[in-house]
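Below is one structure, written out as structure tokens; the observations come after it.
All of the numbers you see were taken from the coordinates with simple rules; none came from a lab. From a predicted model like this one, the values you see are computed outputs, not experimental measurements. Quick reminder, even Gly has a Cβ in these numbers, built from the backbone with ideal geometry, and neighbours come from all protein chains shown.
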Amino acid sequence: MEESKTPLLDQLESGPWPSFVKEMKRAAKKSPMAKDALGQLELSYTEKRVHWKHGGIVGVRGYGGGVIGRYSDAPEQFPEVRDFHTMRVNQPSGWFYNTASLRTLCDIWEKYGSGLTNFHGSTGDVILLGTVTPNLQPAFDALSEAGFDLGGSGSALRTPSACVGPARCEYACIDTLDICNDFTQTFQNELHRPMWPYKFKIKVSGCPNDCVASIARSDMPIIGTWRDTLRIDQAEVKHYANSDLNIRGAVVAKCPTKALSYDATKMELSVQPEECIRCMHCINMMPKAIRPGVEKGATILIGGKAPIVKGAYLSWVLIPFIKMEPPYQELKDLLAKMWDWWDENGKTRERIGELIDRLGMGAFLKAVELKPVSQMVFRPRSNPYYFWSPDEIN
Amino acid sequence: MEESKTPLLDQLESGPWPSFVKEMKRAAKKSPMAKDALGQLELSYTEKRVHWKHGGIVGVRGYGGGVIGRYSDAPEQFPEVRDFHTMRVNQPSGWFYNTASLRTLCDIWEKYGSGLTNFHGSTGDVILLGTVTPNLQPAFDALSEAGFDLGGSGSALRTPSACVGPARCEYACIDTLDICNDFTQTFQNELHRPMWPYKFKIKVSGCPNDCVASIARSDMPIIGTWRDTLRIDQAEVKHYANSDLNIRGAVVAKCPTKALSYDATKMELSVQPEECIRCMHCINMMPKAIRPGVEKGATILIGGKAPIVKGAYLSWVLIPFIKMEPPYQELKDLLAKMWDWWDENGKTRERIGELIDRLGMGAFLKAVELKPVSQMVFRPRSNPYYFWSPDEIN
Amino acid sequence: MAIAKTDIGPPDFRQMLPPVITKNYGSWKYHENLKPGVLKHVAESGDAIYTVRVAGSRLVSIDFIRDIADIADKYCGGHLRFTSRHNIEFLVSDAAMVEPLIDELKQKGYLIGGTNNAISNVVHTQGWVHCHSAATDASGIVKSVMDELVPYFTSESLPAKLRISLACCLNMCGAVHCSDLAIVGIHRKPPKVDHERLGKMCEIPTVIASCPTAAIRPNPKEKSVTINEDRCMYCGNCFSVCPALPIADALNDGVAIFVGGKVSNARTAPMFSRLAIPYLPNTPPRWPEVVSAVKNIVEVYAKNAHKGERMGEWIERISWERFFELTGIPFTDKHIDDFTHATTTFRTTPTFKW
Amino acid sequence: MAIAKTDIGPPDFRQMLPPVITKNYGSWKYHENLKPGVLKHVAESGDAIYTVRVAGSRLVSIDFIRDIADIADKYCGGHLRFTSRHNIEFLVSDAAMVEPLIDELKQKGYLIGGTNNAISNVVHTQGWVHCHSAATDASGIVKSVMDELVPYFTSESLPAKLRISLACCLNMCGAVHCSDLAIVGIHRKPPKVDHERLGKMCEIPTVIASCPTAAIRPNPKEKSVTINEDRCMYCGNCFSVCPALPIADALNDGVAIFVGGKVSNARTAPMFSRLAIPYLPNTPPRWPEVVSAVKNIVEVYAKNAHKGERMGEWIERISWERFFELTGIPFTDKHIDDFTHATTTFRTTPTFKW
Ligand code: SRM
Ligand code: SRM
Ligand code: SRM
Ligand code: SRM
Ligand code: SF4
Ligand code: SF4
Ligand code: SF4
Ligand code: SF4
Ligand code: SF4
Ligand code: SF4
Ligand code: SF4
Ligand code: SF4
């Protein structure tokens, strides 16, 4: 028997969880690039260190991004991955596919790339993992021909993403998929031609369950919500009452604002509308009996990001409630203002949240012409260090 | 009728709350200094601004502090308060007096000062408010003769203070008064001869009710607590049960950790010892039935201060539990280490809390040889930015 | 007179204690709140001590001290104490003396109260009476506010204790940063730089270092400093270290109100007070705007909080957005933090109240 | 081939939807969780769509995609989707197809699950497979961890959802900063400065500005920079902007574990994950230390949390000191924050658990 060239990785073929090693081997059968990628990975497993070099700038005509350049630091050993660039292909909203379009993508990547992919990258793109520089443009041409386009990279708008929303979720308060698609289409230039201090991400969730983690992972989350009151169907409440759900313990007691009360005799649930903060908990527990109100829209937040450099931010409330109807002009205008301000004031590699932190939320709100409201903060400042503008003093 | 020279202040003589204007007028009858102080205050009321100049350095022989220099900026108009310095007299622990000692203080201040006082200043001293430079030394001599000494000012240890504690409070877990007195006596040099980057305050509360606000107002709070379990007297619980106290609603439901449970039929209250965080709430509500445990001691905290410069701090847990028995050597040794570190590393006007914030709690703990324990934090860091020392890595 | 002894420290408190305390020191068993301002502490031995608490104005003449000493001689065997909030406590060992003492105090106009769910004395500072830093007066505002709130001192009718403090500048000697309701003197204009005196009187690096917002930079031409007025938030710390940077301004100085702080650990951990009203004008002698603002907040709290809830606990339960609504206080750009830990106060969730 | 059109954007999702979705778009009424991995959504119209969720490994070959396309053709009229956590969802319009689909999937070894109170797919990143920054591998750890935790994927037996994420360096592309359990690749030694290349390849001001702790200062002599090693906490951000500052170190790189984050707004606001284990070694191919550490935390959580409590909600209820005790994880100096908002995490009360 031939000795395996990847004894360490081979150990990851067994076990119940889907094996990426099996997948790499499958691709390696057809693609020498994939084969060398596998070989180099084995080297990393042996030496416990990465074998890729810092990326260079590569790309396709007319675009400043969408391709991540990548070079092996052991090209003699693994010549097929001397260059091994990644193409980010913008997914359809909600990651919905028909099989025809998936097959087209596969065919293109069989022809021009390693045959390795990520479905999907953690921003949301289809990641076509690894090809050589000369193949980039032809691959792009083929993608374009097939109706696909690249996603974002670099100091640009990044590929927006959205939860499944109205396509398959009863909780959706906004049309996440249309918003995602519409904003993506409107801002193609911002997506493809990096021109800002740093990246900017938009993610759209249909309700406060936030199934795309927008509040943690995007500079501007759009989160569906409602302005009026929960709708309760008492007949369905009775069904739950007769099920094994403990309405008092699992629903009412866990409402964060004690907005709910339950009459066990009548099997009736009621809500104090002004106390409900629309956290989704009771709806999640009793989806047949409780649903969002009818006056639907979104909360817009700003500033979320991972820790580099100033530490991680969760996004902050910017617009407590806004109606979300196409063409979403009000929000697009606001985006333009925000980007202008950021562009003018931001340092290189400074996310918008970091800039707001540095220059102050007050300055930012003034620049984008939004009124400060109490919903923007958990609580007011505790320090006495605040500014007065010349027109406010004598 | 003669026109009043203080028409604005006169308006503060009426009304039920004790009037400081009446008091100033009382003093003004005997003391020209007090009279001019009153006049100058009226000027401030008229012009809405302060009329004192930045203090100069004045004092008594052998001391670097204890006197606050003060000069009028309108000495022509109010010559008697051209200089109007304040003497800080160290109060007895717990602000206990016999009338003889109070009268002695009054007599001294009648002779050498304005006759105006604060009982007490907000650090805790008796404030003898206003005298001229030449009177400082004689006043001090008289005070000393009467058994009194000055308190702290400047970049020194400030006058420690303590709650009433074991003198009149059943909750006291430590001898606040003795601790306060003992530390004050031990550190007379640190109190009287400013030599640090900035001030350092110690306050002692007998239990977590913290009746001297030590956690907010001192660099090193000493707060009494216990290590074992609450003691519950079930007979007294029954008395409360038969009173108008709602044990379930006002006591049990408000326990922050849900450590209490109440059996209404048996009228019995019980505690899960490991869940109790010793917040005092149930004890406060049922002082006849519940009392602290028997293994008593203190939690030592560090860093509290008002907002200037870096924003206010509440003190942070440094030693979760320490026995407090005279001569309190362990804690005094720790103080010495802390002061050394602060002295070595602190910038001018940098409180110890600010220095810990700047150099890191880890560095501080290492310097004062304390082990990090989870009780020191509400929660661990969320950022991934931590240090490894050379001996921890390969 | 001989040369004074130094470093003798304060008199030993043990000399000051009434005999019943000395006897029962550390052996108190429980206490009762007989009525507002009157406490009874009972020792394991069965002995009891009665405390009658009287409002202190803090700024008092020596004759006032002599007056209360007279009273203490008459009813308390010459023993009394002051509290950490500057009230006076008459310590009565003889139960029979309690009512006569109360009668005499009342008759002389002393206010008895401050215990339990009351507004106790206002911890405050020097103000225009003695400090060069003051952006407002201390005693005058306290007197004006408390004249209105006396019924809350002499009764125990609030949902919980309510601690009011006042500091006449941002140095916050009143330690108002953790009070249920805090009144703080503030400036609203940057200091004026007196170049001539500055070079002579102040160390420039110290001045520069004193500024929390890095608003001060060297001005080598004048051998002085320049203040970037856009970055100055008027804390006055540079003035504290350098007299040549006067910041007092009669037209713009005034008062801010912070709410919701606490220091006890009962139920909830200590909390900072937070900005409620960014500015009210200095209107001596009775500061009517401040008085009515304080009264409003106290009354809204008294009406709405659950029994046992401190101001901050109440607000945290109902939410700050509701607090602003209930009190009618406008929410402004000033309320949104922009100092060091600003982002930790920003709302990171779409859940909130309208 | 003609010149490619640019800026066409992604295909319109509307083309991709199965007819039952197109028809009932925005009109879903409720859903049921039929069994682990199987959802039924019912529309106002009475129509239903069934979803069968299958574990995705994310790093897949085109042949894998073709395989699942075949399955979707057979049972789903050619329609499928991926989830925000990179699982595959077969969208079944015909109720009769659900069980046959499940049977075929099972028979082929696909794992069905990830719904409701499960551990769903691990959001993760490139690792040694494709990124130059990686301090550890991504796919290998995920595979090793999930091989152990599969029963939690295929059942819904946990107190609540448990989201695990992995990022192979502090850039945190996996956005692990708000996960119930986060695995993060970390370095533990400062970058080495390659003076020669640095001057040529990198802009010195950008390099200096990239450091969160101001550990980098100019080194004019070398036309390069110097790193103050005492201030460096190995974030690698300087390497991100400048290849001449390599930080990877086979001997010292490894993995840290953070816990207790969440992003949903249900009950509690989103929370950051917090440091549980500062370092575990890189031990490919199966990282046993990481696997057993993760398993321990999951099991302690599963055993102790109340029903409905997310990891972070559980810890906040029982306290972090108790979390460390229950999991047996040692508390160290690393856990005490010393970055920007450190003081907001320090305990400002003598109340805590032992
Ligand atoms: C491919 C992807 C990881 C994955 O395997 O899924 C990825 C890969 C890289 N990320 Fe990322 N990031 C990816 C999603 C994210 C996310 C998650 C998200 O978007 O939801 C984050 C955290 C959210 C955020 O943006 O804050 C993220 C935060 C970063 C950062 C830190 C940014 C920050 O401000 O904190 C960097 C550093 C940088 O920009 O230099 C970074 C940089 C990088 C680079 C370009 C490495 C670099 O230093 O230049 C990586 C290229 C890897 C490679 O060779 O393929 N990546 N990156 C994800 C993009 C795929 C896609 O388009 O779908
Ligand atoms: C007299 C007193 C106010 C009073 O009326 O009660 C007072 C008065 C002054 N304080 Fe204070 N502080 C007084 C208690 C406090 C407290 C409260 C406490 O100790 O519990 C604090 C807040 C707690 C703390 O220390 O953080 C306090 C925080 C300050 C600060 C800010 C320090 C900081 O680090 O934030 C300053 C500014 C300074 O030191 O330059 C300050 C400075 C001053 C100066 C010396 C003014 C100055 O800038 O030089 C004031 C002199 C006033 C005068 O002319 O008499 N005073 N000061 C208090 C001392 C009386 C006594 O000894 O009993
Ligand atoms: C006399 C004094 C101590 C001293 O050495 O001077 C004192 C004495 C007592 N305090 Fe206090 N506290 C005193 C200042 C404080 C302070 C400090 C302050 O206000 O600056 C606090 C912290 C306030 C805060 O959190 O902001 C304080 C928080 C408490 C608490 C906690 C209340 C709470 O639920 O938050 C209790 C318990 C209670 O009231 O049930 C308490 C309970 C008590 C008891 C009942 C203790 C006892 O068994 O004797 C004493 C009588 C209280 C009363 O007034 O009803 N004492 N107490 C202080 C009286 C000040 C005054 O004149 O009003
Ligand atoms: C399919 C997906 C959206 C998508 O566009 O892809 C989705 C779909 C649903 N989510 Fe979600 N969530 C999805 C990612 C998320 C995420 C994002 C993430 O994990 O990165 C979150 C935030 C997680 C967090 O807080 O860290 C998320 C937090 C929720 C919650 C809130 C749970 C909580 O109590 O904290 C609910 C409500 C519930 O489960 O009762 C929910 C509920 C649902 C419901 C029941 C909504 C509905 O009525 O259809 C869907 C089926 C859930 C299920 O798995 O049982 N979904 N959901 C995502 C599936 C990911 C996966 O493959 O596992
Ligand atoms: S975020 Fe809300 S609307 Fe979107 S999938 Fe999740 S639960 Fe449904
Ligand atoms: S949505 Fe949340 S806040 Fe509103 S009633 Fe339901 S559980 Fe309570
Ligand atoms: S702090 Fe505790 S011991 Fe001291 S007086 Fe207050 S309640 Fe009593
Ligand atoms: S002292 Fe506090 S934590 Fe302990 S049982 Fe009583 S109320 Fe609960
Ligand atoms: S608060 Fe300011 S003005 Fe008032 S006494 Fe203290 S330092 Fe002086
Ligand atoms: S007042 Fe404060 S903020 Fe303004 S310059 Fe002076 S120190 Fe700086
Ligand atoms: S987390 Fe770091 S190593 Fe992993 S893909 Fe992102 S940038 Fe690369
Ligand atoms: S690794 Fe991070 S902390 Fe260290 S020098 Fe580079 S940027 Fe600074």
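Scanning region A:283-299 for residues being buried (at least 24 other Cβ atoms within 10 Å of the Cβ) and under 22 Å from the mean Cα position of the chain (by Cα) gives a total of 2.
Among the residues of region D:211-236, those that are surrounded by 14 or more Cβ atoms within 10 Å (Cβ to Cβ) and within 14 Å of chain B (Cβ to nearest Cβ) comprise D:C211, D:P212, D:T213, D:A215, D:I227, D:R231, D:C232, D:M233, D:Y234, D:C235, D:G236.
Considering only region A:236-288, state which residues are under 30 Å from C:W320 (Cα atoms), away from ligand 4 (no atom under 15 Å from the Cβ) and in a loop (DSSP other than H, G, I, E, B). Answer for region A:236-288, where residues must be under 30 Å from C:W320 (Cα atoms), away from ligand 4 (no atom under 15 Å from the Cβ) and in a loop (DSSP other than H, G, I, E, B): A:T257, A:K258, A:A259, A:Q272, A:C276.
Look at region C:76-111 and say how many of its residues are more than 29 Å from the chain's Cα centre (by Cα), away from every other protein chain (no Cβ under 11 Å) and not acidic (D, E). Total satisfying the criteria: 6.
Scanning region B:151-181 for residues that are under 16 Å from C:F82 (Cα atoms), among the basic types (K, R) and touching a residue at least 40 places away in the same chain (Cβ under 8 Å) yields no hits at all. Take the conditions in contact (Cβ under 8 Å) with a residue 24 or more places away in the chain, within 16 Å of ligand 5 (Cβ to nearest atom) and not β-branched (V, I, T) and apply them to D:N87. Does it pass? Taking the combined requirement at face value, the residue satisfies it. In the condition set (1) within 13 Å of chain C (Cβ to nearest Cβ); (2) assigned to a loop (DSSP other than H, G, I, E, B), A:T348 is compliant with all but (1). Could you please find all residues in region B:364-394 being more than 7 Å from chain D (Cβ to nearest Cβ), within 26 Å of D:D249 (Cα to Cα) and in a loop (DSSP other than H, G, I, E, B)? The answer is B:S389, and nothing else. Scanning region B:202-223 turns up no residue that is more than 9 Å from chain C (Cβ to nearest Cβ), in contact with a strand residue (DSSP E or B) (Cβ under 8 Å, 6 or more places away or on another chain) and part of a helix (DSSP H, G or I). Tell me, yes or no, whether region A:34-51 has at least one residue that is within 8 Å of chain D (Cβ to nearest Cβ), without any contact (Cβ under 8 Å) to a residue 60 or more places away in the chain and of a type in the set (G, A, S). Yes, some residue in region A:34-51 is within 8 Å of chain D (Cβ to nearest Cβ), without any contact (Cβ under 8 Å) to a residue 60 or more places away in the chain and of a type in the set (G, A, S).
If you filter region D:51-75 down to residues that are among the hydroxyl-bearing types (S, T, Y) and in contact with a Leu (Cβ under 7 Å, 6 or more places away or on another chain), you find that the one that is nearest to the other protein chains (Cβ to nearest Cβ) is D:S61. Looking across region D:176-221 at every residue that is of a type in the set (A, V, I, L, M, F, W, C), in contact with a helix residue (DSSP H, G or I) (Cβ under 9 Å, 6 or more places away or on another chain) and closer than 30 Å to D:M311 by Cα, the one that is nearest to ligand 2 (Cβ to nearest atom) is identified as D:C178.
The criterion of at least 3 residues that are over 24 Å from D:G127 (Cα atoms) is met by the following strands (runs of 3 or more DSSP E) wholly inside region D:183-286: D:216-219, D:224-227.
For region C:101-142, filtered to residues that are within 16 Å of ligand 7 (Cβ to nearest atom) and within 22 Å of B:L128 (Cα to Cα), the residue that is surrounded by the most Cβ atoms within 10 Å (Cβ to Cβ) is C:N121. Selection of region D:331-354 for residues being surrounded by fewer than 24 Cβ atoms within 10 Å (Cβ to Cβ) and among the aliphatic types (A, V, I, L, M) yields only D:A342. Residues that are touching a residue at least 40 places away in the same chain (Cβ under 8 Å) and within 24 Å of the chain's Cα centre (by Cα) were ranked within region A:268-282; the one that is surrounded by the most Cβ atoms within 10 Å (Cβ to Cβ) is A:R278. Against the test of being within 24 Å of the chain's Cα centre (by Cα), more than 7 Å from chain D (Cβ to nearest Cβ) and within 16 Å of ligand 11 (Cβ to nearest atom), the options A:G64, A:G55, A:G69 yield a single qualifying residue, A:G69.
Might you let me know whether region D:180-189 holds any residue that is at the interface with chain A (Cβ under 7 Å from one of its Cβ atoms) and over 11 Å from the mean Cα position of the chain (by Cα)?
Filtering region D:180-189 for residues at the interface with chain A (Cβ under 7 Å from one of its Cβ atoms) gives none.
Scanning region D:180-189, I find no residue that is at the interface with chain A (Cβ under 7 Å from one of its Cβ atoms) and over 11 Å from the mean Cα position of the chain (by Cα), so the answer is no.
With respect to being over 20 Å from the mean Cα position of the chain (by Cα) and either surrounded by 23 or more Cβ atoms within 10 Å (Cβ to Cβ) or in contact (Cβ under 8 Å) with a residue 24 or more places away in the chain (or both), D:A248 fits the description. For the condition in a loop (DSSP other than H, G, I, E, B), crowded, with 18+ Cβ neighbours inside 10 Å and touching a helix residue (DSSP H, G or I) at 6+ places or on another chain (Cβ under 9 Å), D:S84 qualifies.
Restricting to region D:101-119, name every residue that is out of contact with any Phe, Trp or Tyr (no Cβ under 7 Å at 6 or more places or on another chain) and not charged (D, E, K, R).
Result: D:I102, D:L105, D:Q107, D:G109, D:Y110, D:I112, D:T115, D:N116, D:N117.
Every test in (1) at the interface with chain C (Cβ under 9 Å from one of its Cβ atoms); (2) within 16 Å of ligand 8 (Cβ to nearest atom) is passed by B:C173 save one, and that test is (1). Every listed requirement among (1) surrounded by 17 or more Cβ atoms within 10 Å (Cβ to Cβ); (2) at the interface with chain A (Cβ under 10 Å from one of its Cβ atoms); (3) over 18 Å from the mean Cα position of the chain (by Cα) is met by C:G312 save one, (3).
Scanning region D:226-266 for residues that are among the polar types (S, T, N, Q) and within 16 Å of ligand 4 (Cβ to nearest atom) yields D:S264, D:N265. Of all residues in region A:351-363, those satisfying the criterion of being of a type outside the set (V, I, T) and either facing another protein chain (nearest Cβ under 7 Å) or farther than 26 Å from C:F323 by Cα (or both) are A:R351, A:G353, A:E354, A:L355, A:D357, A:R358, A:L359, A:G360, A:M361, A:G362. Of all residues in region C:298-309, those satisfying the criterion of being away from every other protein chain (no Cβ under 11 Å) and either assigned to a loop (DSSP other than H, G, I, E, B) or within 23 Å of B:A213 (Cα to Cα) (or both) are C:V298, C:Y301, C:A305.
Would you mind stating whether C:I49 is without any contact (Cβ under 8 Å) to a residue 40 or more places away in the chain, outside any loop (DSSP other than H, G, I, E, B), out of contact with any Cys (no Cβ under 8 Å at 6 or more places or on another chain) and of a type in the set (V, I, T)? No, not satisfied.
Just to be sure I understand, how many residues within region D:16-53 are of a type in the set (S, T, N, Q), surrounded by 14 or more Cβ atoms within 10 Å (Cβ to Cβ) and over 14 Å from D:C76 (Cα atoms)?
Qualifying residue count, region D:16-53: 2.
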